[in-house]
1. Using per-residue counts of other Cβ atoms within 10 Å, averaged over each peptide, order 3-16, 229-242 from highest down.
2. For the stretch 35-162, what value does the Rg/Rh ratio take when both radii are computed over Cα atoms and Rh is the Kirkwood radius, given to two decimals?
3. At a 10 angstrom cut-off on C-beta neighbours, averaged per residue, how do the peptides 150-162, 92-104 rank from highest to lowest?
4. Once the cut-off is 19 Å, how many percent of the Cα-Cα pairs in the stretch 1-100 end up in the long-distance tail?
5. Report, to the nearest 10°, how far helix 184-211 tilts away from the longest principal axis of the Cα atoms in the chain, using its own Cα long axis and a range of 0 to 90°.
6. Give the order of 1, 206, 188 when sorted by the count of other beta carbons within 10 angstrom, beginning with the fewest.
7. For helix 154-164, report the angle its Cα long axis makes with the longest principal axis of the Cα atoms of the chain; keep it between 0 and 90° and round to the nearest 10°.
8. Mind jotting down the distance between the C-alpha centroids of the stretch 47-115 and the stretch 203-256, whole Å?
């Protein structure tokens with residue numbers, strides 16, 4: 001079995017693949033202070049709860065945008081799984097032609113998403129990943145990674161509003177169903193959710209104009225992709241497991 005890690009600034013998602021089938025996944029908090037033993041105990045307990053034997057893990061691949069957590073995670077892999085993990089970064093084969101000014105600046109998560117997006121949805125393509133930051137990535141009609149846009153994530157935006165406006169409470173990110181709201185909580189929810197939908201629609205509209213391709217598909221992934229996709233016609237597909245699938249594909253390209 002293959003263990004994959006998608007490490008983001010807020011959460012990390014773990015997945016177990018048996019052959020090409022994702023059989024289990026978990027989402028846990030990304031904690032830069034956790035030691036390898038703390039991650040070992042946490043992940044071992046997740047495995048035990050779902051009756052998965054950690055000794056059956058044959059290989060591990062990690063995509064991370066949080067350098068400070070990598071020492072603990074790599075030590076966890078070696079100590080608890082007896083495996084040196086593959087890390088998505090310089091030197092690993094992706095098959096992706098990156099047209100960025102400096103390809104080393106492209107986040108590992110964006111590369112992984114692009115590999116999976118091209119494999120599953122072909123191209124041209126726009127991939128929107130709703131994470132701590134929301135990234136918009138453009139894939140050309142030749143399958144090249146062209147670049148994109150990075151915006152503050154919806155949770156960052158809502159937390160900033162709560163922290164900087166003394167009388168405004170922290171609110172749940174749900175759709176209130178109206179923009180003419182009769183209370184403060186609903187008014188904040190409308191501004192955050194529908195305002196963010198407007199941000200997504202505008203960036204996708206501009207990207208499509210700049211790319212000027214016919215039949216550009218738009219794929220969304222990430223924790224809050226369903227919430228936003230339900231309010232916009234700009235997104236064609238929601239794929240919660242796009243990043244995990246990209247990790248599996250990159251592993252296959254680099255398997256000894």
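1. Descending mean neighbour count gives 3-16, 229-242.
2. Value, to two decimals: 1.03.
3. Ranked by mean Cβ neighbours within 10 Å, highest first: 150-162, 92-104.
4. Of all Cα-Cα pairs in the stretch 1-100, 40 percent lie more than 19 Å apart.
5. Roughly 70 degrees, rounded to the nearest 10.
6. Placing the least packed residue first, the sequence is 206, 1, 188.
7. Taking the Cα atoms of the chain, the angle to 154-164 is about 60 degrees.
8. When both Cα centres are located, 20 Å separates them.
Values in this text are rule-based calculations from the coordinates and carry no lab data. Nothing here was measured: the structure is a model prediction, and the numbers come from that model. Quick reminder, even Gly has a Cβ in these numbers, built from the backbone with ideal geometry, and neighbours come from all protein chains shown.
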